[in-house]
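The values are calculated or read from the model by the stated rules, or taken from the named source; none is laboratory data. Source: prediction; values computed, not measured. A quick note on method: Cβ atoms are made from the backbone with ideal geometry, for glycine too, and the neighbour counts reach across all protein chains shown.
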Amino acid sequence: MSEQPAPPAGLLDGRTVLVTGVLRPASIATAIAVAAREQGARMVLTGHPRTLALTRAVARRHGIDVVAPLDVTDPAGLANLAPCLRRAGVERLDGVVHAIAYADATCSAACCPPPVPAPTASLTRPPPR
């Protein structure tokens, strides 16, 4: 009886790929991340800090353990990405998929909660009765 050949290695075995803009389970960004993971890649997902809980939910659903906050409009957020990835054990990236999409206020309100306003520093007394 002949031995079965080993299955071919995944195209991305041993590679680490970062996908930005993962927000919904049915998005193009999520489909790319899942396909890359199926091909053997270690996946890193990023999401806007305001919607990171949604990104984490997608990651859990697909067995992806590295999720990092990323606001590409904030220079400090961009600068913090590499240290954040290093803390998660990611030393290098072999690929990056930019899948951040613009969403107007109507669209983003459907899936993203509004930011919570910061408490004010001044306290006021209730009016006398």
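Considered as a group, the residues in segment 70-86 that are outside any helix (DSSP H, G or I) and of a type in the set (A, V, I, L, M) include one that is surrounded by the most Cβ atoms within 10 Å (Cβ to Cβ), and that residue is Leu70. Out of all the residues in segment 33-51, is one or more touching a helix residue (DSSP H, G or I) at 6+ places or on another chain (Cβ under 6 Å) and part of a loop (DSSP other than H, G, I, E, B)? Among the residues of segment 33-51, not one is touching a helix residue (DSSP H, G or I) at 6+ places or on another chain (Cβ under 6 Å) and part of a loop (DSSP other than H, G, I, E, B), which makes the answer no. Would you please name the residue that is surrounded by the most Cβ atoms within 10 Å (Cβ to Cβ), looking only at residues in segment 49-69 that are under 8 Å from the mean Cα position of the chain (by Cα) and free of Cβ contacts under 8 Å to residues at least 24 places away in the same chain? It comes out as Val67. On the stretch given as segment 42-52, residues that are of a type in the set (A, V, I, L, M, F, W, C) and modelled with pLDDT under 95 total 1. Would you be able to say whether some residue in segment 31-42 is farther than 21 Å from Ala101 by Cα, touching a residue at least 40 places away in the same chain (Cβ under 8 Å) and touching a Leu at 6+ places or on another chain (Cβ under 8 Å)? Yes, segment 31-42 contains a residue that is farther than 21 Å from Ala101 by Cα, touching a residue at least 40 places away in the same chain (Cβ under 8 Å) and touching a Leu at 6+ places or on another chain (Cβ under 8 Å). The set of residues in segment 8-23 being of a type outside the set (A, V, I, L, M), surrounded by 14 or more Cβ atoms within 10 Å (Cβ to Cβ) and within 18 Å of Gly89 (Cβ to Cβ) consists of Arg15, Thr16. Which of the residues spanning segment 87-100 are part of a loop (DSSP other than H, G, I, E, B) and touching a residue at least 40 places away in the same chain (Cβ under 8 Å)? Of everything in segment 87-100, those that are part of a loop (DSSP other than H, G, I, E, B) and touching a residue at least 40 places away in the same chain (Cβ under 8 Å) turn out to be Ala88, Val90, Arg92, Leu93, Asp94, His98, Ala99, Ile100. In segment 24-48, the residue that is surrounded by the fewest Cβ atoms within 10 Å (Cβ to Cβ) out of those that are in contact with a strand residue (DSSP E or B) (Cβ under 6 Å, 6 or more places away or on another chain) and of a type outside the set (A, V, I, L, M) is Arg37.
Scanning segment 28-37 for residues that are more than 12 Å from the chain's Cα centre (by Cα) and either of a type outside the set (D, E, K, R) or within 23 Å of Gly77 (Cα to Cα) (or both) gives Ile28, Ala31, Ile32, Val34, Ala35, Ala36.
Among the conditions (1) modelled with pLDDT under 95; (2) surrounded by 18 or more Cβ atoms within 10 Å (Cβ to Cβ); (3) aliphatic (A, V, I, L, M), Ala103 misses just one, which is (2).
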